[in-house]
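All remarks here apply to the structure that follows.
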Amino acid sequence: MKRKSINPLIEKIKNTAAEIGRDVVLMEVCGTHTQAISEKGIRNILPKNIKLISGPGCPVCVTAQEDIDMVVHLALSGIPIATYGDMLRVPGNFGSLEEARSAGAKVFSVYSVEDALRLRKQHPNLVFFGLGFDTTAPMTAVALEEGLITYSVHKLFLPAMEALLEMNETKIDGFISPGHVSAIAGIEPYRRMKMAQVITGFETEDLIVGIYMLLRQIAEGRREVENEYKRAVKEEGNLVAQKIISK
């Protein structure tokens with residue numbers, strides 16, 4: 001979206017920020033949002049009292065050290081491993097999967113679970129190192145049903161958000177909630193957090209509108225879940241994917 005067309009929204013944000021009259025901390029908890037905010041320069045056009053901070057949006061970053069160690073150990077023991085490319089260079093106590101591959105281990109980078117299923121035809125004892133949030137979990141679950149051996153470190157996003165609030169280390173006034181995860185989970189689960197939240201898409205207008213909606217909630221003393229990303233996120237979410245995950 002061109003800067004000229006978002007100028008009225010930016011003015012509304014400035015006016016609402018002045019109305020609030022204090023520092024406001026908003027957290028985006030989705031890695032794709034973090035990337036979009038950085039690429040589109042969103043922070044640079046916000047008033048000084050509005051601070052955007054990043055949450056646990058990267059599944060690689062929240063993967064436990066012991067899980068990395070276990071999978072590297074499996075690889076070094078001769079078990080073929082398939083996983084997503086961004087996990088290969090993450091170091092553990094025994095090195096990374098990339099280093100294990102350099103040492104002769106059978107470690108394969110895949111773009112999808114389907115790639116891992118194809119690799120299994122050549123390597124029947126292949127182990128898929130599955131990670132991600134609610135968006136990738138359904139496909140891993142389907143692969144499990146098809147017999148793919150899987151070491152799963154999938155995380156559910158909503159418990160991670162609740163844990164952030166319980167830690168109470170950083171005062172958070174509102175969440176820019178994840179679009180992709182919400183397309184799976186729906187809207188209702190967010191309501192139990194009693195927090196100002198707006199589910200947004202990933203375009204500039206999505207983010208600017210979402211930030212404005214959050215600031216209006218804060219200015220009016222509301223703690224609600226609003227959905228800016230209605231073109232993709234429905235109230236009930238994706239019931240088929242939810243059923244697969246629950247298995």
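The values are calculated or read from the model by the stated rules, or taken from the named source; none is laboratory data. Here the structure is a predicted model, which is why all the values come from computation and not from measurement. Every residue, glycine among them, receives a Cβ derived from its backbone with ideal geometry; neighbour counts consider all protein chains shown.
Residues in the stretch 21-35 that are touching a strand residue (DSSP E or B) at 6+ places or on another chain (Cβ under 9 Å) and either on the phi > 0 side of the Ramachandran plot or in a helix (DSSP H, G or I) (or both): Gly31, His33, Thr34. Evaluate the stretch 26-37: report whether one residue or more is touching a Gly at 6+ places or on another chain (Cβ under 8 Å), of a type in the set (D, E, K, R) and more than 23 Å from Glu98 (Cβ to Cβ). Scanning the stretch 26-37, I find at least one residue that is touching a Gly at 6+ places or on another chain (Cβ under 8 Å), of a type in the set (D, E, K, R) and more than 23 Å from Glu98 (Cβ to Cβ), so the answer is yes. Just one of the listed residues (Ser54, Ser109) is modelled with pLDDT under 90 and surrounded by 15 or more Cβ atoms within 10 Å (Cβ to Cβ), namely Ser54.
Determine whether the stretch 12-24 contains at least one residue that is in contact (Cβ under 8 Å) with a residue 40 or more places away in the chain, closer than 30 Å to Val198 by Cα, surrounded by 13 or more Cβ atoms within 10 Å (Cβ to Cβ) and under 26 Å from the mean Cα position of the chain (by Cα). Scanning the stretch 12-24, I find at least one residue that is in contact (Cβ under 8 Å) with a residue 40 or more places away in the chain, closer than 30 Å to Val198 by Cα, surrounded by 13 or more Cβ atoms within 10 Å (Cβ to Cβ) and under 26 Å from the mean Cα position of the chain (by Cα), so the answer is yes. For the stretch 51-89, what are the residues that are touching a Lys or Arg at 6+ places or on another chain (Cβ under 9 Å), under 30 Å from Ile176 (Cβ atoms) and among the hydrophobic types (A, V, I, L, M, F, W, C)? Listed by number, the residues that qualify are Leu52, Val62, Leu88.
Residues checked against (1) in contact (Cβ under 8 Å) with a residue 40 or more places away in the chain; (2) among the polar types (S, T, N, Q); (3) more than 30 Å from Val25 (Cα to Cα):
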position	(1), (2), (3)
Thr83	yes, yes, yes
Gly95	no, no, yes
Thr140	no, yes, yes
Thr150	no, yes, yes
Glu162	no, no, no
Ser177	yes, yes, no
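Name the residues in the stretch 192-202 that are touching a Lys or Arg at 6+ places or on another chain (Cβ under 9 Å) and more than 13 Å from Ile176 (Cα to Cα), would you? Matches in the stretch 192-202: Met193, Lys194. Within the stretch 232-247, being loosely packed, with under 10 Cβ neighbours inside 10 Å and assigned to a loop (DSSP other than H, G, I, E, B) holds for Glu235, Lys247. For the residues Ile208, Ile199, the requirement of being buried (at least 20 other Cβ atoms within 10 Å of the Cβ), touching a helix residue (DSSP H, G or I) at 6+ places or on another chain (Cβ under 9 Å) and within 12 Å of Leu9 (Cβ to Cβ) singles out Ile208.
Scanning the stretch 114-135 for residues that are within 20 Å of Ala185 (Cβ to Cβ) and free of Cβ contacts under 8 Å to residues at least 60 places away in the same chain, which turns out surrounded by the fewest Cβ atoms within 10 Å (Cβ to Cβ)? For the stretch 114-135, the residue satisfying everything is Thr135. Taken across the stretch 206-220, residues that are in a loop (DSSP other than H, G, I, E, B) and either over 21 Å from Leu156 (Cβ atoms) or modelled with pLDDT under 90 (or both) do not occur at all.
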